[in-house]
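Single-structure report; data block below.
None of the figures in this text is laboratory data; all of them are computed from the coordinates on show. Predicted, not measured: the structure shown is a model, and the values here were computed from it. Because the Cβ atoms are built from the backbone with ideal geometry, glycine has one as well, and the counts that use them run over all protein chains shown.
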Amino acid sequence: MLSADYYNIITSLLSVVSIVVAFYALYFTQMNPAKLSSIIGPEMQVCYTDYQNGDEGLGILLPVTFANSGARTGIVVRASLLLYRKDTPNQRFYLQWDHFEKLYFDKNVWAPEDTSHPLAVAANSTTMKVIWFMWHASSKPKLVIREGTYVLVFCFWNENETMPRTESHEISFDSEMCNALESYRSKKEESNVAIRLDTYQANQAMTSDVSSKLLGA
């Protein structure tokens, strides 16, 4: 038979455990602040656009998913891109978001969906947007894509944060892509060229050594 003192100790411990569990449950369901992250790609679209007075701008269509693993709604205040050649990292191009785009599958046409604006991401959820970034024709120096490897840095600002959260990817423009872009530019067309982020292609033949290194299989 348990003594009264032993019984009181057990009761007190159970009460403490209950309080701790209740606190953790409250924190992770109600008090845990927003925790925003981003996932871009896996593919983006690039085109020359904004033709005027013999100049042209460069447009980038980028799919972005914002995730919130916190228990409170988070706000994406703004987003931007940093683009530069890997072999000349001191010359960098900064592009702020311009507007959101939507693909109309029945016509296979991209069209503006809405102006860029702060995005609310509900607790434990995701929000996906295709964002249009543009280097305007009037901006200097001119941004012309050449064959080679570039670094693309996606940046977004959470509310109450002065510095952005970032993710970086390498993108490689081969001669075929650059020739297509130059052809569109010479004819002042706004046709897109698709490019995969990092090194993975949509279809890629691999040796067993390469698949083991990249995929672990």
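Values for this structure:
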{"item": "Cα-based reach from Lys35 at 20 Å (exclusive), listing aspartates and glutamates while leaving out same-chain residues under 8 positions away", "result": "Glu159, Glu161, Glu167"}
{"item": "Size of charge dipole - the range 36-200 - debye, nearest 20, with Cβ of Lys, Arg +1 and Asp, Glu -1, no other charges", "result": "300"}
{"item": "Under 24 Å from Lys86, Cα to Cα: lysines that are on another chain or at least 8 residues apart", "result": "Lys140, Lys142, Lys213"}
{"item": "Packing-based order for 34-42, 99-107, using average beta carbon neighbours within 10 Å, highest first", "result": "34-42, 99-107"}
{"item": "Relative contact order [Cα under 8 Å, 6+ residues apart], the range 36-200, whole percent", "result": "30"}
{"item": "Alpha carbon Rg of the range 36-200, scaled by the compact-globule rule 2.2 N^0.38 Å", "result": "1.06"}
{"item": "FRET E, pair Ser212, Glu170, Förster distance 25 Å, beta-carbon r, rounded to 0.05", "result": "0.70"}
{"item": "Extension reserve of the Arg78-Asn108 stretch, reckoned as 0.36 nm per residue once the Cα distance is removed", "result": "8.0 nm"}
{"item": "Sites matching trypsin sites (Lys or Arg not before Pro) across the range 141-176 that sit in DSSP coil, with at most 14 neighbouring C-beta atoms within 10 Å", "result": "Lys142, Arg146"}
{"item": "Ranking of Asp198, Asp174 by count of other Cβ atoms within 10 Å, fewest first", "result": "Asp174, Asp198"}
{"item": "Histogram of C-alpha separations across the range 105-163, 10 Å bin width, %", "result": "12, 33, 37, 16, 1"}
{"item": "Extension gain from Ser139 to His117, taking 0.36 nm per residue of separation minus the Cα-Cα distance", "result": "5.7 nm"}
{"item": "Packing-based exposure ordering (other Cβ within 10 Å, fewest first) of Thr166, Thr49", "result": "Thr166, Thr49"}
{"item": "Where labels lie 7 Å past Cα in the beta-carbon direction, separation of Phe93 and Glu147 in nm", "result": "1.9"}
